[in-house]
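To keep things clear, I will list the structure first and then write my remarks on it.
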Amino acid sequence: MFTFMTNTTTSDVRFPAGTGQASGFLALSPNDTRQPALLVLQEFWGLNEHIKDVTRRVAGEGFVALAPDMYDGKVTTDPVQARQLLTAMDPAVALEKLNGAVAFLKDHPQVDKEKIGVIGFCMGGFLALNLACHNRDIRVATPFYGRIPPDTVLNNLTAPVLYIFGEQDHHLPAADVDRLEAFIRKTGRNGGVVRYPQADHAFFNDTRKEVYREADARDAWVRALAFLREHLGTV
């Protein structure tokens with residue numbers, strides 16, 4: 001299991017998103033100086049306790065951390081229901097929520113608005129990479145095993161990207177991961193792909209014992225944090 005700073009403070013927040021409102025889970029470290037910030041993007045289960053735990057871990061590492069609620073309060077442990085929630089999510093509305101979350105962080109008094117990044121898992125991995133292709137305020141992205149946007153979308157990418165992938169993952173085409181790696185290399189963008197030969201999909205999720213791989217998860221966490229700090233810094 002992971003350990004992290006325990007004296008973080010958390011709150012449920014609301015913020016404008018498009019023509020409506022969105023909500024999220026905010027975690028702050030005790031340091032009241034301006035800090036870099038990270039969006040923490042959920043798996044297709046919803047904004048559950050695991051993602052809240054990861055958000056607290058991120059805050060414990062010296063970031064202001066916000067997990068937007070992409071399902072507006074809906075959470076499930078049933079994969080069929082999770083797939084239905086994912087399918088029902090309007091991509092345009094989802095991007096509005098994420099852009100609203102970025103704007104919320106930029107306005108937060110504890111955030112250095114020039115240092116905002118994103119980390120995401122599964123569905124959130126795709127959302128993280130897609131957001132980095134659409135919002136120039138995102139300065140770095142660390143997607144974990146998410147779907148890869150087409151090259152027409154990746155062409156808009158300016159932020160450094162470190163993509164985390166388990167090679168036993170049969171939910172994602174390995175050829176698409178190769179395509180992302182080739183794109184990063186060909187275009188000279190900073191980052192790349194980190195591969196774990198024995199890891200399956202969702203290997204970072206320590207609440208899913210059937211796929212969790214502790215050593216790989218710890219290594220991926222260390223690499224992701226180092227990459228984020230390289231491009232955002234911490235105080």
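Could you list which residues have their amide H under 5 Å from that of I116, counting only those 5 or more apart in sequence or on another chain, with H placed in the peptide plane?
Correct list: A37, R139.
Please give me the summed charge of the neighbours of W221: other residues whose Cβ is under 10 Å from its Cβ, Lys and Arg +1, Asp and Glu -1.
The answer is 0.
Run the reach check for K115 against aspartates and glutamates, Cα to Cα strictly under 18 Å, same-chain hits fewer than 8 apart removed. What comes back?
Those aspartates and glutamates meeting the cut-off are D32, E61, D107, D137, E230.
Kindly report the accessible area of the chain per residue (heavy atoms of protein chains, probe 1.4 Å, no ligands, DNA or RNA), in Å².
43
At 222 nm, what helix-only mean residue ellipticity would the chain give, in deg cm²/dmol to the nearest 500, using -39500 (n - 2.57) for each DSSP H run of four or more?
-12000 deg cm²/dmol
Extent of region 157-225 along each principal axis, from alpha carbon coordinates, in Å, largest to smallest?
38, 26, 17
Ignoring ligands, DNA and RNA, what percent of the accessible area of region 144-235 is carbon or sulfur (1.4 Å)?
Carbon plus sulfur share of accessible area: 48 percent.
For the pair T33 and T19, how long in nm is the line joining their label points, each one 7 Å along Cα→Cβ?
Once both label points are built, they end up 4.4 nm from each other.
Setting aside same-chain residues fewer than 8 positions from K113, which lysines have a Cα under 25 Å from its Cα?
K52, K97
Give me the net charge for the shell around L127: Cβ to Cβ below 10 angstrom, other residues only, Lys and Arg +1, Asp and Glu -1.
The answer is +2.
Hey, any idea what % of region 1-136's accessible area is carbon plus sulfur with a 1.4 Å probe?
Here it works out to 52 percent.
Which whole-number percent is the relative contact order of the chain (Cα, under 8 Å, 6+ apart)?
17
Can you give the convex hull volume per residue for the Cα atoms of region 191-235, as a whole number of Å³?
Enclosed volume per residue, from the Cα hull, is 81 Å³.
The values are calculated or read from the model by the stated rules, or taken from the named source; none is laboratory data. Remember, predicted model here, so these are calculated numbers, not experimental data. Every residue, glycine as well, gets a Cβ built from its backbone with ideal geometry; the counts of neighbours run over all protein chains shown. The area values use the complete protein model at the heavy-atom level, side chains included, leaving out ligands, DNA and RNA. Shrake-Rupley method; radii C 1.70, N 1.55, O 1.52, S 1.80 Å.
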